[in-house]
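Reading through the structure tokens given below for one structure.
Any read-out appearing in this document is the output of simple, stated calculations on the displayed coordinates, not a laboratory observation. In this text, all values refer to a predicted model and were calculated from it rather than measured experimentally. Cβ sites come from the backbone with ideal geometry, for glycine too, and all protein chains shown count toward neighbours.
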Amino acid sequence: MDDMMLLTFLATLVGAAWRLATPLIFASIGEVFSERAGVLNIGLEGTMLVGAFCGFAAASATGNIPLGLLAGVAGGMLFGLVFAFFTITIKADQIVVGAALNLLGMGLTAFLFRTYYVSTGKGIDIAQPVHIPWLSDLPFLGEAFFRQNLIVYSTILAAILATLVLYRTSFGLTLRAVGEHPKAVDVAGRSVPGYRYAAVLVGTGFAGLGGAFLTLGHSNQFVEGMTSGRGFIALAVVVFARWSPIGAFFVSLLFGLFYALQLMLQAQASIVVPYQVLQALPYIMTIITLVVFRGKGAAPSKLGQPYEMR
Amino acid sequence: MSTRPFLRIDNIRKRFGPIVASDGVSLEIEEGEIHSLLGENGAGKSVLMSMICGMVRPDEGDIVYKGQPVSFASPRDAIRQRIGMVHQHFMLVPNLTVAENYILGQGSALSVISDMDKVHRKIRALSERYALDVRPDAIVEDLSVGEQQRVEILKVLFHGIDLLILDEPTAVLTPQETDRLLCLMSDLVKDGKTVVFISHKLDEVMRVSNRISVMRDGRVVHTVKVGETNARELARMMVGRDVRMELPRNPEPPGPIVLSVENLACRAENGIPAVRGVSFDVRAGEIVGIAGVSGNGQTELSLALSGLLPVDTGRVVLNGKEITGLDPAAINARSFSHIPEDRHKHGIVLPLSLSENTILQRYDQKPFATGGMLNGRVIAEHTRDLIKRFRVKSRDENQPIAALSGGNQQKLVVARELARNPDFILVNQLTRGIDIGAMEFVMEEMLKQRDSGRAILLISTELEELFAICDRILVMFHGGILGELPPDRTRLDELGLLMAGNKEQPAPAG
């Protein structure tokens with residue numbers, strides 16, 4: 001490869017990485033909220049699928065992408081409400097409920113899709129890259145950073161907004177306290193279950209949005225099990241990111257890079273590695289991340305534990 | 001003093017399932033007094049105060065505060081009425097700053113945090129006024145326990161209170177810190193506030209209170225003015241019978257060295273060095289105490305000695321044979337008994353029966369097992385014998401040990417460990433969480449063991465316990481042993497300074 005080709009390759013890689021990271025960014029920022037409040041939602045995968053399906057269904061009915069995204073968020077939150085009810089009100093084990101919701105999300109979306117959509121085979125119009133005058137036309141940099149659709153750009157906004165809410169508002173302060181010392185929050189006169197519900201709903205709303213991006217900003221179709229493990233990778237991202245939204249943004253980008261790399265390397269005829277190995281790259285990186293960063297250091301100390309007043 | 005009491009509690013009842021926590025409590029607190037609530041663990045002191053500060057709602061009865069009947073739905077209601085409580089387990093979020101902890105739950109949930117400077121200024125002003133050294137931008141988890149308590153007290157003052165409730169505040173403090181706290185209580189009263197002081201330490205209560213109420217079995221059994229009573233009478237009211245305050249001593253010279261520790265170092269579970277080169281001997285027929293504020297390596301020392309934590313450097317020699325680095329089962333088998341600090345974690349298995357718990361270390365040995373089968377009858381007889389000899393209050397030997405009170409669980413642990421006829425007994429927190437009656441009993445048992453020639457190492461944060469039964473006291477600070485003292489109460493100041501890490505001799509008094 002000469003230099004020009006390498007530069008083009010890198011620009012395309014970065015552009016694709018951000019696009020592929022987008023669902024991870026949304027889902028992991030959401031999960032940061034949930035886990036900071038002490039709720040470990042391993043049902044992200046199922047929630048993202050519900051978001052993807054709801055987004056697809058709403059957009060195919062109305063042809064309106066913002067409405068589709070909204071439907072994705074709403075679908076995710078509705079799913080989150082079920083999770084919150086069982087884990088916070090009933091105080092069932094978070095892992096068990098999360099696993100159940102993953103199965104429910106996969107089965108339910110596959111069922112509804114097959115029942116109502118699969119025979120139509122109809123795709124939807126997805127969000128198109130916005131052309132930013134001058135910036136989009138820059139050599140290499142344009143390809144890498146300025147030829148994305150609005151949903152991809154909004155990940156920056158989401159990361160900044162999430163950080164402000166978590167660290168600069170009374171809500172965020174209380175939320176962080178709930179995951180560390182819920183009783184102190186209780187004594188200070190705030191409702192621990194209320195905050196946990198809010199955190200789960202924020203988290204699943206984001207996961208739904210991440211799922212909806214898959215159908216509305218990436219592929220133009222719903223495919224059964226199309227999240228292909230992104231919900232679980234988002235859980236690993238949160239650990240690697242040390243429970244910070246900005247961290248989640250950059251770690252997701254790193255994982256996006258692995259996704260993009262495996263896609264582009266598959267297309268390179270000169271590489272003789274079996275494509276299955278390349279496909280496994282993001283998942284291998286997830287395992288490595290979890291092993292290397294498994295230390296409990298920054299984890300909310302009450303993560304995964306139901307709260308009992310007495 | 002006004003005729004109308006500041007706070008009147010009238011015939012309060014509260015049950016948690018089958019447990020009666022408050023059985024018709026009545027109590028009157030006068031404005032501007034320090035009123036101590038004295039009682040054993042489980043007497044109902046903390047529950048009563050939790051009801052006054054809105055954490056728990058009473059089933060029956062009235063609370064009249066400043067002449068008005070009150071009923072708090074949450075602690076916030078109580079704070080609005082200027083009632084604040086400093087809990088035994090701090091209500092501070094460890095990863096937040098002091099100032100963030102203070103504004104937690106204040107203002108609207110949706111508000112943006114602004115003007116932290118103003119909060120910081122207010123904290124500094126209060127901190128100067130009450131001479132409580134508190135930095136508003138410190139992260140709580142970086143502070144020592146004593147500092148955290150100051151933060152907790154100032155938090156209540158920050159919220160603005162007339163009535164301050166302190167729940168067992170001195171349990172975590174050095175003697176000097178305790179002195180400062182008792183002074184602070186007097187200052188607060190001069191400032192027009194009323195203080196309720198919950199404690200089970202008679203001497204502190206006698207020093208600081210105006211009036212003392214003694215609780216037993218969920219009731220206030222007596223309220224007295226401090227000048228009209230003495231420690232012995234208070235102890236009798238707490239326990240319901242006479243308590244021997246001084247245990248008889250038998251000053252025999254100790255025998256040969258049983259346990260020898262040379263330059264022992266080990267790290268805590270998080271990898272931070274916790275014990276830094278400790279050396280000492282324990283001889284047959286003596287009780288060696290280790291004093292210190294909790295968190296100075298005592299936990300790790302006892303875990304390392306009993307084989308539960310890997311040793312980095314140094315040697316442990318028991319009866320002339322090195323036991324360094326052996327696993328706990330091997331150490332147990334060499335005449336080494338361990339009464340652990342955290343009995344739920346290292347001492348007993350809660351869901352198992354008393355019988356099963358008494359043979360935890362010996363389930364595979366004769367006579368408890370033959371050919372891999374347990375001998376139920378032998379185990380039951382052995383357990384019944386221990387229950388009888390150590391007066392463990394229980395239904396029978398098949399009851400799960402979780403159903404017993406903390407004191408009775410501890411008695412069974414002590415019974416089990418002594419029944420193994422050890423040469424050396426490692427005890428960490430002999431009397432933690434147990435009542436005075438059981439305390440007296442286990443302490444007497446330890447003295448009997450010493451008199452029969454056993455070597456005992458007693459690690460404790462309760463100075464009274466150390467003074468009562470030890471032959472000499474080592475002081476641990478920051479993973480090392482800073483000094484040794486005889487068990488002489490008149491040298492409490494010296495002990496306190498060593499516990500605070502101060503190696504210099506104190507200036508002569510007066």
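Here are some notes:
- Shielding of peptide B:93-101 by partners, expressed as the average count of other chain Cβ atoms within 10 Å per residue Cβ, is 5.
- Test item: B:109-119 mean partner chain Cβ contacts at 10 Å: 3
- Semi-axis lengths (Å, descending) of the ellipsoid that matches the C-alpha gyration tensor of the range B:341-443: 22, 15, 12
- Calculated over the range B:95-174, the projected area of the Cα convex hull averaged across directions stands at 6.0 nm².
- Approximating the spin labels as points 7 Å out from Cα along Cα→Cβ, the B:Asn375-to-A:Val165 distance works out to 6.8 nm.
- Size of electric dipole in the protein assembly as shown: Cβ of Lys, Arg +1 and of Asp, Glu -1, about Cα centre, debye, nearest 20: 1320 debye
- Charge dipole of the range B:7-239 (Cα centre as origin; +1 on each Lys and Arg Cβ, -1 on each Asp and Glu Cβ, all else neutral): 340 debye, rounded to the nearest 20.
- Helical mean residue ellipticity (222 nm; -39500 (n - 2.57) per DSSP H run of 4+; nearest 500) of chain A: -22500 deg cm²/dmol
- Based on the Stokes-Einstein relation at 20 °C and a viscosity of 1.002 mPa s, and on the Kirkwood radius from alpha carbon pairs, chain A is assigned a translational diffusion coefficient of 108 µm²/s.
- 0 to 90° range, to nearest 10: angle between helix A:192-213 axis and chain A longest Cα axis: 10 degrees
- Extension gain, B:Lys345 to B:Arg472: 0.36 nm times the residue separation minus the Cα-Cα distance gives 42.8 nm.
- A cut-off under 12 angstrom between Cβ atoms defines the neighbours of B:Ser394, and their net charge, with Lys, Arg +1 and Asp, Glu -1, is +4.
- About the centre of its Cα atoms, chain B shows a dipole size close to 940 debye [charges on the beta carbon of Lys, Arg (+1) and Asp, Glu (-1) only; nearest 20 debye].
- Rg/Rg_globular for the range B:128-242, with Rg_globular taken as 2.2 N^0.38 Å and Rg from C-alpha atoms: 1.17
- Computed from Cα positions, the angle between helix B:145-159 and the longest principal axis of chain B comes to roughly 20 degrees.
- Averaging 1/r over every pair of different alpha carbons in the range B:426-489 and inverting the result gives a Kirkwood radius of 12.5 Å.
- Within the range A:189-207: backbone nitrogen closer than 17 Å to the A:Leu112 label point (7 Å, Cα to C-beta): A:204-207
- Taken along its principal axes, the alpha carbon cloud of the range A:201-310 reaches lengths of 63, 33, 24 Å, longest axis first.
- Alpha-carbon Rg with Dmax, taken over the range B:10-145, Å: 17.8, 50
- Sparse-neighbour loop sites [trypsin sites (Lys or Arg not before Pro); the range A:119-216; at most 13 other C-beta within 10 Å; DSSP]: A:Lys122
- Based on every Cα atom in the range B:258-499, Rg and the maximum pairwise Cα distance Dmax equal 17.7, 58 Å.
- Only helical runs count toward this figure. For chain B, summing -39,500 (n - 2.57) over DSSP H runs of n ≥ 4 and dividing by all residues gives -9000 deg cm²/dmol at 222 nm.
- Counted charge near B:Gly453, where neighbours are those whose Cβ lies closer than 12 Å (Asp, Glu -1; Lys, Arg +1): 0
- Förster radius 35 Å - calculated FRET efficiency between B:Arg389 and B:Val20 (Cβ-Cβ, nearest 0.05): 0.70
- Neighbour net charge for B:Val316 - beta-carbon separation under 15 angstrom, K R +1, D E -1: -4
- With Cα atoms, 0 to 90° folded angle of helix B:406-419 axis to chain B main axis: 20 degrees
- Among the listed pairs A:Lys183/B:Lys155; B:Lys366/B:Lys388; B:Lys14/B:Lys345, those beyond 25 Å (Cα-Cα): B:Lys14/B:Lys345
- Signed unit charges on C-beta, dipole axis of the protein assembly as shown, positive-most listed residue B:Val64, A:Ser136, B:Val214: B:Val64
- Translational diffusion coefficient (Stokes-Einstein; Kirkwood radius from C-alpha pairs) of the range B:1-59 at 10 °C, 1.306 mPa s, in µm²/s: 128 µm²/s
- Look at the dipole of the protein assembly as shown built from charges on Cβ: of B:Leu157, A:His218, B:Val205, the Cα furthest out on the positive end belongs to A:His218.
- Separation of the A:Val272 and B:Arg236 label points, Cα + 7 Å toward Cβ, nm: 9.7 nm
- When only alpha carbons of the protein assembly as shown are considered, Rg and Dmax amount to 32.1, 98 Å.
- Cα centroid separation, the range B:319-356 to the range B:464-501: 26 Å.
- Residue among A:Thr109, A:Asn41, B:Cys183 farthest towards the positive dipole end of the protein assembly as shown, charges placed on Cβ: A:Thr109
- Kirkwood Rh and Cα Rg combined as Rg over Rh, evaluated for the range B:281-323: 0.98
- Loop-located trypsin sites (Lys or Arg not before Pro) in the range B:410-510 (DSSP state not H, G, I, E or B) with no more than 12 neighbouring Cβ atoms inside 10 Å: B:Lys503.
- DSSP assigns beta bridges within the range B:7-239; of those with both partners inside it, close to 55 percent run antiparallel.
- Alpha-carbon centroid distance for the pair the range B:34-88 / the range A:152-169, whole angstrom: 42 Å
- With the convex hull drawn over the C-alpha atoms of the range B:40-99, the volume per residue is 115 Å³.
- One way to sum up the overall shape of the range B:7-239 is the equivalent ellipsoid from its Cα gyration tensor, whose semi-axes run 30, 21, 16 Å, largest first.
- Normalised by 2.2 N^0.38 Å, where N counts its residues, the alpha-carbon radius of gyration of chain B equals 1.05.
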